[in-house]
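Please read the structure below before turning to the comments.
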Amino acid sequence: MQNNPGITEEILGLKEERNAILLVHNYQPPEIQDIADCTGDSLELSRAAVTMKGDVIVFCGVDFMAETAAILSQHKTVLLPAEDACCPMAQMITAAELKLAKERHPDAAVVCYVNTSAEVKAESDICCTSSNAVKVVNSVPQDKILFVPDQNLGRYAQRFTKKVILPWEGFCIVHDRITPAQVEAARKAHPGAVVLVHPECRPAVIDCADHVASTSGIIKEVCTSEKQEFIIGTEVGILHRLRKECPGKRCYPLSEGAVCRNMKKTDLIKVRDSLKTLQPRITVPQDIADRARGAIERMLALP
Ligand code: 13P
Ligand code: SF4
């Protein structure tokens, strides 16, 4: 959907009426990014959920992100305008499966990627995001780590630690499809361009990249680099922010097909309706929220 001034104004009015803030992930459609109070990666949006003032958070992203905001900001109403926007990777592990794995590895710390359900976070020692996975892994006292659910991020962190990482076999259905052959073809099409990829990519793709970073880490790298051309190895929604914030730079998608369908479920009508009705609301049962909060807060407390 293209930007529609009528509905955008309606949203801005409702936002004021509700004292609401719009937190928007870097993969969201352009018209949603354009009305954001904060656009960011998972870590930045978790911090914004806590620090930004407001009674209502409209979370434009996928379910685990809104759940994390609800766990951290108990007194705010958290809305997920696209009710069915989920992360297939987060569904690749359940709390029951994690409990069994913990029984098999009682000496291991459990590090869970933020792309997990609240129930899985509640069974974990500490949470991490794509921007701090290495720091988190190195922060725990144990030498053995059960890393769930992203095997690619777990293997990426393994490159920077002497600890033994046991990765779960989950993966992102968008990033895991990116291939080294695509990197080769993109380098041929844009000789001299810098290749930036997300750590959810496969190890063979990471091996071909010049730089590996979270979505906001990629944006920062493009904006601050002296280079002019970049090949962007993550979900294509990030290109809107890159074009807005680094207008002088040329950014090419590594894969045009890297589209997260769940991230595209948000639209302006759903955002407006969520503000009108204060639905769909995301809540987490108190006992699960309390245990999951421990894992998230331990991550947020790291220097
Ligand atoms: P970031 O935290 O890097 O934005 O990643 C979120 C995500 O879902 C990547 O696929
Ligand atoms: Fe989940 Fe991948 Fe979509 Fe990110 S891009 S929300 S990890 S499916």
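The values are calculated or read from the model by the stated rules, or taken from the named source; none is laboratory data. Quick caveat, the model's predicted, so the values are computed rather than measured. Positions of Cβ are generated from backbone atoms using ideal geometry, with glycine treated the same way; all protein chains shown enter the neighbour counts. Ligands, DNA and RNA are stripped out before the accessible areas are found, and what is left, the full protein with its side chains, is counted by its heavy atoms. Shrake-Rupley method; radii C 1.70, N 1.55, O 1.52, S 1.80 Å.
For this structure, a couple of remarks:
- Only one of LEU268, LEU239 that is more than 16 Å from ligand 2 (Cβ to nearest atom) and either open to solvent by less than 60 Å² (accessible area, probe 1.4 Å) or not hydrophobic (A, V, I, L, M, F, W, C) (or both): LEU268
Yes or no, residue by residue, for (1) touching a Gly at 6+ places or on another chain (Cβ under 9 Å); (2) under 21 Å from VAL114 (Cα atoms); (3) in contact (Cβ under 8 Å) with a residue 12 or more places away in the chain; (4) away from ligand 1 (no atom under 11 Å from the Cβ):
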site: VAL183; (1), (2), (3), (4): yes, no, yes, yes
site: GLY217; (1), (2), (3), (4): no, yes, yes, no
site: GLU221; (1), (2), (3), (4): no, no, yes, yes
site: LEU242; (1), (2), (3), (4): no, no, yes, yes
site: GLU245; (1), (2), (3), (4): no, no, yes, yes
site: ARG250; (1), (2), (3), (4): no, no, yes, yes
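- Count of the stretch 1-53 residues which are of a type in the set (Asp, Glu), in a helix (DSSP H, G or I) and more than 16 Å from ligand 2 (Cβ to nearest atom): 5
- Of everything in the stretch 202-227 that is within 15 Å of ligand 2 (Cβ to nearest atom) and in a loop (DSSP other than H, G, I, E, B), the residue that is farthest from the chain's Cα centre (by Cα) is ARG202.
- When the test is whether a residue is touching a residue at least 12 places away in the same chain (Cβ under 8 Å), away from ligand 1 (no atom under 16 Å from the Cβ), open to solvent by 20 Å² or more (accessible area, probe 1.4 Å) and under 18 Å from PRO280 (Cα atoms), LYS15 passes it.
- Selection within the stretch 252-262 - open to solvent by 10 Å² or more (accessible area, probe 1.4 Å), in contact (Cβ under 8 Å) with a residue 60 or more places away in the chain and within 16 Å of ligand 2 (Cβ to nearest atom): LEU254, SER255, GLY257, VAL259, CYS260, ASN262
- Pairs, first closer than 17 Å to ILE71 by Cα and open to solvent by 10 Å² or more (accessible area, probe 1.4 Å) in the stretch 23-51, second hydroxyl-bearing (Ser, Thr, Tyr) and within 9 Å of ligand 1 (Cβ to nearest atom), C-beta under 6 Å, six or more apart: SER42/THR129; LEU43/THR129; LEU43/SER131; GLU44/SER216
- VAL58 falls short on exactly one of the conditions (1) under 29 Å from GLN286 (Cα atoms); (2) assigned to a loop (DSSP other than H, G, I, E, B); (3) modelled with pLDDT of 95 or more, and that condition is (2).
- Wholly within the stretch 81-171, helices (runs of 4 or more DSSP H) carrying at least 3 residues that are away from ligand 2 (no atom under 16 Å from the Cβ) and surrounded by fewer than 17 Cβ atoms within 10 Å (Cβ to Cβ): 95-104
- When residues of the stretch 273-284 are limited to those that are touching a residue at least 12 places away in the same chain (Cβ under 8 Å) and surrounded by fewer than 19 Cβ atoms within 10 Å (Cβ to Cβ), the one nearest to ligand 1 (Cβ to nearest atom): PRO280
- Cβ-Cβ distances below 6 Å connect the following pairs, each with a first residue in the stretch 93-116 that is closer than 22 Å to SER42 by Cα, a second residue that is assigned to a helix (DSSP H, G or I) and not aliphatic (A, V, I, L, M), and a separation of six or more residues or different chains: ALA95/GLU119; CYS112/LYS121; VAL114/SER42; ASN115/PHE64.
- Just one of (1) under 28 Å from LYS249 (Cβ atoms); (2) in contact with a helix residue (DSSP H, G or I) (Cβ under 7 Å, 6 or more places away or on another chain); (3) surrounded by fewer than 22 Cβ atoms within 10 Å (Cβ to Cβ) fails for GLU226. It is (2).
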